[in-house]
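Below is one structure; the comments refer to it alone.
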Amino acid sequence: MLLGQDHITEEGEFVINMGPQHPATHGVLHLKIGLDGETIKKIEPHLGYIHRSIEKMCEQLSYRQFIFTTSRMDYLSAHINNQACVLAVEKALQVEATPRAKAIRVLMAELTRLASHQLWWACMGLDLGAVTPFFYAFREREAINTIIEETCGTRLTQNYMVPGGVMMDIHPNFQKRVKEVLKQIKEKAHEYDELLTGNVIFQQRLKGVGYLSKEDAVSYGCSGPTARASGVSCDVRKLFPYDGYEQLKFDEILNTEGDSWARYLVRLGEMKQSISIIEQLIDNIPEGDFQAKTKNVIKLPKGDFYQRVETARGELGVYIVSDGGATPYRCKFRSPNFSNLSAIPKMAEGAKIGDLVAIMATVDLVIPDIDR
Amino acid sequence: MSASTIIFYILSAIIVGGGLLAVTARKIFRAAVFLLFSLIGIAGLYFYMNYEFLGAVQIVVYVGGIIVLIIFSILLTAESGSDMKKPALSRILFSALATIFACALTLWLIKQHTFHVNESTIIEPSVRNIGRQMLSTTEHGYILPFEVVSILLLAAMIGCIVIAIKIKPKT
Amino acid sequence: MVITGVCLLAFLVVLCFFLGYMERKVAAFMEIRLGPNRVGPKGSMQIVADTVKLLFKEGLTPDGADKFLFNLAPFIVVITSMLVVAPIAYARDFQLWDINIGVLYVSSISSMAVIGILMAGWSSSNKYSLIGAMRSGAQIVSYELSIGLSLISIVILSGSLQLSEIIESQANGWWIFKGHIPVIISFVIFIIASTAEINRAPFDLTEAEQELTGGFHTEYAGMKFAMFLLSEYINLFVVSAIAATIFLGGWMPFHIGGLDAFNHIMDYIPSSIWFFGKTFLIIFIIMWFRWTFPRLRIDQLLNLEWKYLLPISMVNILLVTAMAIMGWHF
Amino acid sequence: MTNEELKYSITELLPVATYDESGEFLNIIIPSDELIPLMKELRSKKEFDFDYLFCLTCIDWKDHLMMVYHLLSKVHKHCIVVKAKITDIQNPKIESVNCIWKTAELNEDEVYDLFGIRFLNHPNLRRLFLEEDWKGFPLRKNYVDENMIKL
């Protein structure tokens, strides 16, 4: 990569490599930055440091197995990734999950989203030099992870979804624990505002930084909070509802400012929406089976199937091309981070190095999702 | 030789050595650092003579101000890390001659002047006296207005630079 | 003289150990966690363990570095911060060097520290270090102005540059109480500007690990890195001690005019406790900044100085001068 | 527009296009050299207004390569899948759509890296994940990894 053709070779330009080992990239992302003083002129992402070729692996795995590779993509919304695969398989088989399974899936997905946004908030402060918020956010995130662990057995790569439902029923304590955590989050919400949201320095660091216009957001294929902060309505849960999202009351948080502060506010708003979704469901989990009957060896009919879901970072698409066999002929994951990353050079044009860190923090990239 | 004399010679060695190294150093950044040592040595000499105010001003103005500016501008130049070219022989010769001439002139002037110890009016070099002297309107006075004029000139200079500076056209 | 000097250096090292421990505990307190609690009672030996670790680490020098300057820089930084300690009065009649231009001496020597940082950043031959060095140059040179102006306001009021005389002038009340609002303004400006001067958060742009991966000391390891750390803590102490001396009366006890009984009780508290109490209060405030504020951006940092602090302190100087001439202070 | 209307309008534009409606979306299969004119129409015409390219990938069907473009209109909320057939397997190339949707730049880099399709008029075509000197294109069906350890 470094040997190949270089776009940042202009005479007199100061080139620095941010990453592959850099604290602000949250993983092994490598950005080659052309600088003029501290002002950014060009950014060129270089990827592949943790490329595992998940798409190639999926071609060898059965339809029950390939779901679990996706937990390792966007590991912060592992549940939602699994859900996308499961839904794609269900769509192809024309099987529907049981009502109980759907409710559990949505609950788990929203808990994951909440935990993921907590982590984003924690790292957001850390990236801008405020260390303390990290610990406050992790206090709640750990509680959520503990709940998920109780039911799924793992904290991060849950692998809980199977075609037709979920792998096992929820833990008896689940409802009680979730209510406790929600209560805790609501009680501590003011701490979040005091620590970061209300801080003048913090606001000044984000306002007007990393502007992305609505047209650019669409053209770069941005999705999730990144695009919604630019005024693009793109919540898959609203536009193409799945697993019973159509019956739930929640708002799509939109903001038209398009800067980092807007992205920050959108994510904060989404946390509140997730809480409201969980509250609507937690006492109304339907009784019944948690898994619909499916065949042991799943074979999909010939054709291609596309399923999208809303992960914590945007629209995840699973594109399965089947030739009628027991493994996918071709499996493509349209990852939200990959598209959001491509918009970063645009957002960071003319910004400072410190701004780039703020932009990356608000876009909230998860590198394994880019380097699938 | 008393301890005091030894300290004097150490300081002098720092000043002279720093100066020599500053002009002979191949790297421009190193030259600036050696110049810094030389200037600190001079400040040390002032402290040694109990002219603390002068010493502190020397450090504030030369070390904290001018050297930092020099280093800062060196950082902004592109090739601060590479060795400079060896200067032409004629330039070395001429600068050597100029140095020897200046040295000789200074020594000659010092030789000419007879230093007599003035024991009757010892002016205490306290800040209070310096301040009084600055504002005095008698002989050797009017120092503050003089300094103000120089600040004015500096401001004018900066203004000229600001006006003359080219703003890169945005592409 | 030599013996007291050596004692002072030993004291400084112990002090830095304590400050390191204090920083960890303050951070832990702010971050709802425990902090060091394994090595020694309540984790108090943690910093010793860290020092031993740093001592045994290999002090790498990068290949492309200018070796001479790279190795010189930490010494310059440490020496300058140690030089500033000399004129501080620790207690009644306990001052190592009562130089008659104390305030000027402090501000002049502390302006030298930036050269060590510039040297370290440049000689590492690392682009991140170089950016860090450039930032620190711009930052320290500009914030020195505000520090100087806020110190001058007290010099005007007390009519002396000598630290001992400034303390004496506060026998009937600390300047922060005697000097009304203008002195409070210059005290606040002094705290802000000196936090910037010693490169602590929210002004730690020179190291900014999330942006520059450590800034000017990216390439330093082992003992050379420890020296930067040492100088950071000495600077923290010096700045707080100067603020305590100039604005809060140094070792002067807290007195209220007219309440003789109260004043007598205050006098029984040893003067060194007064001095260290005030100093550590300010140290705690500066640590508090670090663990609650996000970092500024470089242009915001310079704007803060040139657009706000400097004009305010200039106007403030006029106010203080007027107050001194008219005798409006107590 | 409904799928029927889309089909009608596109047939007017490009008579050679064939259709496949078995799946969720309307699939249009076109030869690779017709791609850019059609895409430009799909993007710019007010009644199509496909402004959101949400998935760009490729499928290796052994005898030919198929570029797949999933398009969505944020205004009209209709979806379409454009499939461009590349028959030249040895030296596959196709026009880049980067001039229409900017998201294509990195996505096409990825396809170039993993399938070896050369995109013409691409601003910065490079191997995105693998090293420059990597041999072969991993997502092709005939790709054999010599270093792979069989389990």
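Coordinate-derived values only; no laboratory data. Owing to the predicted nature of the structure, the values given are computational and were not obtained by experimental measurement. Glycine also receives a Cβ, built like all others from the backbone with ideal geometry; neighbour counts cover every protein chain displayed.
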**Approximate spin-label separation A:Lys176-D:Tyr8, in nm, with each point projected 7 Å along Cα-to-Cβ** = 6.3
**Request:** Give me the lysines in straight-line cross-link reach of D:Lys74: C-alpha distance below 20 Å, same-chain residues under 8 apart excluded.
**Result:** A:Lys214, A:Lys238, D:Lys7, D:Lys40, D:Lys45, D:Lys46, D:Lys102
**Request:** Starting from the Cα of C:Leu34, step 7 Å along the direction of its Cβ; do the same at C:Met266; then give the gap between the two resulting points in nm.
**Result:** 4.1
**Item:** Shape box of the range C:58-326 [Cα atoms, principal axes, largest first, Å]
**Value:** 67, 37, 34
**Prompt:** Relative contact order of the range A:14-370: what whole-number percent is it, with Cα pairs under 8 angstrom and at least 6 residues apart?
**Reply:** 26
**Complete:** By the Cα gyration tensor axes a ≥ b ≥ c (a/c under 1.5 gives rounded; else a/b larger than b/c gives prolate, otherwise oblate), the shape of the range B:1-81 is oblate
**Asked** Along the charge dipole of the range C:11-56, Cβ charges K/R +1 and D/E -1, which of C:Leu15, C:Ile47, C:Ile32 sits furthest on the positive end?
**Response** C:Ile32
**Asked** Where does the longest stretch of chain D lie that holds no trypsin sites (Lys or Arg not before Pro) found in a DSSP loop with 14 or fewer other Cβ atoms within 10 Å?
**Response** D:78-134
**Complete:** Over its alpha-carbon atoms, the protein assembly as shown yields an Rg and a Dmax in Å of 34.9, 115
**Complete:** On the formula 1/(1 + (r/R0)^6), with r taken between the Cβ atoms of A:Asp251 and D:Lys46 and R0 of 41 Å, the FRET efficiency rounded to 0.05 is 0.85
**Request:** Please report, in Å, the Rg and the Dmax of chain A, where both are computed over Cα atoms only.
**Result:** 20.7, 69
**Request:** Take every residue in peptide D:48-61, count the Cβ atoms of other chains within 10 Å of its Cβ, and give the average of those counts.
**Result:** 5
**Asked** Taking the Cα centre of chain C as the origin, how large is its charge dipole in debye, to the nearest 20, when only Lys and Arg (+1) and Asp and Glu (-1) carry charge on their Cβ atoms?
**Response** 620
**Asked** Using modelled backbone amide H atoms (1.01 Å from N, in-plane), which distant-in-sequence or interchain residues come within less than 5 Å of D:Arg118's amide H?
**Response** D:Lys93, D:Ile94
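Just want the ordering: B:Tyr48, C:Tyr143, from fewest to most Cβ atoms lying within 10 Å of their own Cβ.
Ranked by crowding around the Cβ, least crowded first: B:Tyr48, C:Tyr143.
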**Fill in**
Taking a crude spin-label model, label points 7 Å out from Cα along the C-beta direction, the C:Leu96 to C:Ser125 distance in nm is 3.7
**Request:** May I ask you to list the trypsin sites (Lys or Arg not before Pro) in the range A:244-317 that are in a DSSP loop and have at most 15 other Cβ atoms within 10 Å of their Cβ?
**Result:** A:Lys249, A:Lys293, A:Lys295, A:Lys299, A:Lys302
**Complete:** Between B:Cys103 and C:Met314, the FRET efficiency computed from the C-beta separation at R0 = 45 Å comes out, to the nearest 0.05, as 0.50
**Prompt:** Which value, in debye to the nearest 20, gives the size of the charge dipole of the range A:270-349 about its Cα centre, when Lys and Arg are +1 and Asp and Glu are -1 at the Cβ?
**Reply:** 540
**Message:** Using Cα springs under 10 Å in a Gaussian network model of chain D, which residue among D:Leu72, D:Leu35, D:Leu106 shows the largest mean-square fluctuation?
**Reply:** D:Leu106
**chain A - mean residue ellipticity at 222 nm from DSSP helices (-39,500 (n - 2.57) per run, n ≥ 4, rounded to 500)** = -14000 deg cm²/dmol
**Fill in**
Of the residues A:Thr256, A:Trp121, A:Ile16, the Cα lying farthest along the dipole of chain A towards its positive end, which is defined by charges on the beta carbon of Lys, Arg, Asp and Glu, belongs to A:Trp121
**Sequence-separation-based contact order of chain C, relative, with Cα cut under 8 Å and 6+ spacing, percent** = 23
**Message:** With angles folded into 0 to 90 degrees, how steeply does helix A:78-93 sit against the dominant principal axis of chain A? Use alpha carbons for both and round to 10.
**Reply:** 50
**Request:** Within the range A:71-104, find all residues whose amide N lies under 18 Å from a label point positioned 7 Å from the Cα of A:Arg52 along Cα-to-beta-carbon.
**Result:** A:71-86
**Fill in**
Counting only residues 5 or more apart in sequence or on a different chain, those whose built amide H sits under 5 Å from that of D:Tyr52 are D:Leu72, D:Lys74
**Cleavage-rule hits (trypsin sites (Lys or Arg not before Pro)) in the range C:1-66: DSSP loop, at most 16 neighbouring Cβ within 10 angstrom** = C:Arg33, C:Arg38, C:Lys57
**Message:** Cut-off 10 angstrom, C-alpha nodes, Gaussian network model of chain A. Which of A:Ile201, A:Ile353, A:Ile147 fluctuates the most?
**Reply:** A:Ile201
**Prompt:** Hey, what do the phi angles of the range A:129-145 turn into as Karplus ³J(HN,Hα) couplings, whole Hz, using 6.51/-1.76/1.60 and θ = phi - 60°, x for Gly and Pro?
**Reply:** x, 9, 7, 4, x, 3, 6, 5, 5, 6, 4, 7, 4, 4, 4, 5, 4
**Item:** Rg [Å, one decimal], Dmax [Å, integer] - the range D:3-91, C-alpha atoms
**Value:** 12.7, 40
**Request:** Sketch the reach of a paramagnetic label on A:Thr146 as a point 7 Å from Cα along Cα-to-Cβ, and name the residues of the range A:98-115 whose backbone nitrogen lies under 16 Å away.
**Result:** A:115
**Prompt:** Using alpha-carbon pairs under 8 Å, 6+ residues apart, how would you state the relative contact order of the range C:11-56 in percent?
**Reply:** 26
**Prompt:** About the Cα centre of the protein assembly as shown, what is the dipole size in debye to 20, counting +1 per Lys and Arg Cβ and -1 per Asp and Glu Cβ, all else neutral?
**Reply:** 740
**Asked** So if we plug the beta-carbon distance of B:Ser150 and C:Cys7 into 1/(1 + (r/R0)^6) with R0 = 35 Å, what FRET efficiency do we get, rounded to 0.05?
**Response** 0.20
**Prompt:** Mean 1/r over all different Cα pairs, inverted: what Kirkwood radius does the range C:223-330 give, in Å?
**Reply:** 17.3
**Prompt:** Just C:Trp174, C:Trp97, C:Trp274 to compare: in a GNM of chain C, with alpha carbon springs under 10 Å, which one fluctuates most?
**Reply:** C:Trp97
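As a check on your grasp of the helix formula, calculate [θ] at 222 nm for chain C: sum -39500 (n - 2.57) over DSSP H runs of n ≥ 4, divide by the residue count, round to the nearest 500.
Helix contribution divided over all residues of chain C: -22000 deg cm²/dmol.
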**Fill in**
Along the range D:95-112, Karplus-curve 3J(HN,Hα) (6.51, -1.76, 1.60; θ = phi - 60°) to the nearest Hz, with x for Gly and Pro, reads 5, 7, 9, 4, 6, 9, 10, 6, 5, 5, 4, 6, 5, 6, 4, 5, 5, 4
**Within chain D, longest stretch free of exposed GluC sites (Glu not before Pro) [DSSP loop, at most 13 other beta carbons within 10 Å]** = D:48-130
**Message:** Under the rule that an exposed site lies in a DSSP loop and has at most 13 other Cβ atoms within 10 Å, name the longest stretch of chain A with no GluC sites (Glu not before Pro) of that kind, not counting the sites themselves.
**Reply:** A:14-286
